[in-house]
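Shown next, in structure tokens, is the structure this report addresses.
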Amino acid sequence: MCQVLAAVDAGIRVVVVSDACYSCQPNSHQAQLDYTFRRFYAQIEIGSAAEVAAQLRKPAHGGAANGTAH
């Protein structure tokens, strides 16, 4: 959590991969995802590994998947 909030403080947009995070207390982990991080919705996006991977595979700005536009 502290790395995410440090990035937010620095003005960096953060993507949290929810199923790649861990806490020794499962309730604490879920509370971070459900409440704390959601308060920073403009800077923190939360998604599963599958959701984030799918977004990364999408072409940017209508170009081809390898990053070149036709």
Restricting attention to the alpha-carbon atoms of the range 3-52, what are Rg (one decimal) and Dmax (integer), both in Å?
10.6, 29
Within the chain, what's the longest run with no chymotrypsin sites (Phe, Trp or Tyr not before Pro) in a DSSP loop and at most 16 other beta-carbon atoms within 10 Å? Give the range, please.
42-70
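Read-outs: derived from the displayed coordinates by stated rules, not from any lab. Computed from a prediction, not measured in an experiment: that's the story for all the values here. Every residue, glycine as well, gets a Cβ built from its backbone with ideal geometry; the counts of neighbours run over all protein chains shown.
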